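Notes follow once the structure below has been shown.
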């Protein structure tokens, strides 16, 4: 069945109606906040673990945020990929951050925290 143009235009116009938009946001707000709280707590735990693991190995404290960025990227990858794809992506990320001047041995420690096997170690 083909929808008439008038129906399509009316549905499109509703996307911009403030009451419809408000109702949609209200309906998903509690679920979104709950999901974000879980995600934020998980991310905080991961960052604390990474920071304590690398704290005695990093000679320049200004590099710690870069190692945390690497860890956040790995964290994001583990949420969307697995298996060989995850290993390949982790290898590419490690090469990128090594080219940016980070210590490959410390990057290997971080990769190990995520349990990603098969990463090329230098």
Looking for whichever is assigned to a loop (DSSP other than H, G, I, E, B) and surrounded by 15 or more Cβ atoms within 10 Å (Cβ to Cβ) here; the options are 102, 107. Which one fits? 102
Check 8, 57 and return the single one that is in contact with a helix residue (DSSP H, G or I) (Cβ under 6 Å, 6 or more places away or on another chain) and either over 30 Å from residue 103 (Cα atoms) or not in a helix (DSSP H, G or I) (or both). 57
For the list (1) exposed (fewer than 10 other Cβ atoms within 10 Å of the Cβ); (2) within 16 Å of the chain's Cα centre (by Cα), I need the number of the one condition that residue 56 fails. (2)
Does residue 76 qualify as being assigned to a loop (DSSP other than H, G, I, E, B) and surrounded by 10 or more Cβ atoms within 10 Å (Cβ to Cβ)? no
So which of 47, 34 is touching a helix residue (DSSP H, G or I) at 6+ places or on another chain (Cβ under 9 Å) and in a helix (DSSP H, G or I)? 47
Which residue pairs have Cβ atoms under 9 Å apart, sit 6 or more places apart or on different chains, and have a first residue in the range 25-39 that is touching a residue at least 40 places away in the same chain (Cβ under 8 Å) and a second that is surrounded by 10 or more Cβ atoms within 10 Å (Cβ to Cβ) and part of a helix (DSSP H, G or I)? none
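Every read-out reported here was derived from the displayed coordinates using simple, explicitly stated rules and does not represent laboratory data. Worth saying up front: this structure is predicted, and the values here are computed from it rather than measured. Glycine also receives a Cβ, built like all others from the backbone with ideal geometry; neighbour counts cover every protein chain displayed.
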